[in-house]
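K.L.:
Have a look at the structure that comes next, please.
The values are calculated or read from the model by the stated rules, or taken from the named source; none is laboratory data. Please read these numbers as outputs of a predicted model, since none were measured by experiment. Virtual Cβ from ideal backbone geometry, glycine too; neighbours counted across all protein chains shown. With ligands, DNA and RNA removed, areas are computed over all heavy atoms of the protein, side chains included. Shrake-Rupley method; radii C 1.70, N 1.55, O 1.52, S 1.80 Å.
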Amino acid sequence: RIGAVVADLWRPLPVRDAAADALINVFAPRNAPEYHRVLRPGGTLYAVTPTREHLGPLVGSLGLLSVDEEKEQRIDAAFAGRFLLDARHSLDTEALMSRDDVAALVGMGPSAHHIAPEELSKRIAELPKTVPVPVSFVVSVFRRVDT
């Protein structure tokens with residue numbers, strides 16, 4: 001009767017085989033074989049991934065990692081044979097962020113591990129007090145199939 005699990009995605013999830021009705025993967029690596037194992041037949045996997053527009057101008061001004069143009073194709077290929085794509089929805093909006101918000105946001109993502117903290121802080125300090133930041137992602141809905 002758990003509602004959520006935080007775990008190392010490259011190790012077995014602490015969930016019985018075919019025990020989950022749904023999985024949500026948000027901006028994280030994807031382990032298709034393990035997701036297939038823990039989802040019940042017909043179970044739903046929601047994969048939330050950023051688009052190339054996500055964080056827009058911050059990518060260049062802060063030196064953040066960019067999103068691969070072929071991300072959706074790579075995800076579809078990784079899930080092929082275990083999952084069928086049921087739906088795909090895009091969401092594009094904008095958030096007005098302070099420098100502290102930007103620092104927290106960047107600190108949660110992979111770019112935080114690719115830029116020296118001092119350099120990142122310097123770049124953030126050069127931003128205006130508030131910055132309009134594009135938020136853009138895709139929710140892909142997959143159904144588990146038997147292999």
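K.L.:
For Met97, enumerate residues with amide H under 5 Å from its amide H, sequence gap 5+ or separate chain, H modeled in the peptide plane.
P.N.:
Excluding prolines and chain starts, which carry no amide H, the hits are Val131, Val133.
K.L.:
Place +1 on the Cβ of every Lys and Arg and -1 on the Cβ of every Asp and Glu in the chain, take the dipole about the Cα centre, and give the residue among Ala87, Tyr35, Leu64 whose Cα lies farthest towards its positive end.
P.N.:
Value computed over the given set: Tyr35.
K.L.:
Kindly rank 109-120, 50-61 from highest to lowest mean number of other beta carbons found within 10 Å of each residue. Don't skip to the answer; put the middle values down first.
P.N.:
Values: 109-120: 12.7, 50-61: 16.8.
Descending packing order for the listed peptides: 50-61, 109-120.
K.L.:
Would you mind getting the Kirkwood hydrodynamic radius of the chain from its Cα pairs, rounded to one decimal in Å?
P.N.:
On the way: mean 1/r = 0.0591 Å⁻¹.
The Cα-based Kirkwood calculation yields 16.9 Å.
K.L.:
Leaving out ligands, DNA and RNA, and with a 1.4 Å probe, what % of the accessible surface on the range 1-45 is carbon or sulfur? List each step's numbers first, then the result.
P.N.:
Values: 1690 of 3010 Å².
Whole-percent figure for carbon plus sulfur exposure: 56.
K.L.:
Shifting gears a bit: Testing the spin-label approximation: label points 7 Å from Cα along Cα→Cβ at Leu9 and Ser121. State their distance in nm.
P.N.:
Using points 7 Å along Cα→Cβ, the separation is 3.0 nm.
K.L.:
Can you work out the accessible area per residue across the chain, with the rest of the protein chains kept in place, probe 1.4 Å, in square angstrom? The partial results should precede the final answer.
P.N.:
Values: 9100 Å² over 147 residues.
Computed with neighbouring chains in place, this is 62 Å² per residue.
K.L.:
As a check on your grasp of the helix formula, calculate [θ] at 222 nm for the chain: sum -39500 (n - 2.57) over DSSP H runs of n ≥ 4, divide by the residue count, round to the nearest 500. Walk me through the numbers on the way to the answer.
P.N.:
Working: 5 runs with 41 residues, N = 147.
Value at 222 nm, helices only, nearest 500: -7500 deg cm²/dmol.
K.L.:
Could you work out the longest stretch of the chain that avoids the chymotrypsin sites (Phe, Trp or Tyr not before Pro) located in DSSP loops with at most 13 other Cβ atoms within 10 Å?
P.N.:
Working: sites that count: Trp10, Phe27.
Here the longest run is 28-147.
K.L.:
Among DSSP beta bridges lying fully in the chain, give the percent that are antiparallel, nearest 5. Mind dumping the intermediate values first?
P.N.:
Values: 22 of 28 bridges.
Of all bridge pairs located within the chain, approximately 80 percent are antiparallel.
K.L.:
Using alpha carbon centroids, what distance separates the range 101-142 and the range 1-52, in Å?
P.N.:
Each part's Cα centre sits 25 Å from the other's.
K.L.:
To continue, here is another question. Label 7 Å along Cα→Cβ of Val48; the range 98-114 residues with amide nitrogen under 16 Å?
P.N.:
Within reach of a label on Val48, which here means backbone N under 16 Å from a point 7 Å along Cα→Cβ, the range 98-114 contributes 105-106, 108-110.
K.L.:
Rounding to the nearest 20 debye, state how big the charge dipole of the range 31-128 is about its Cα centre with +1 on each Lys and Arg Cβ and -1 on each Asp and Glu Cβ. Spell out each step's value before the answer.
P.N.:
Details: 10 positive and 15 negative charges, 81 e Å.
Dipole size: approximately 380 debye.
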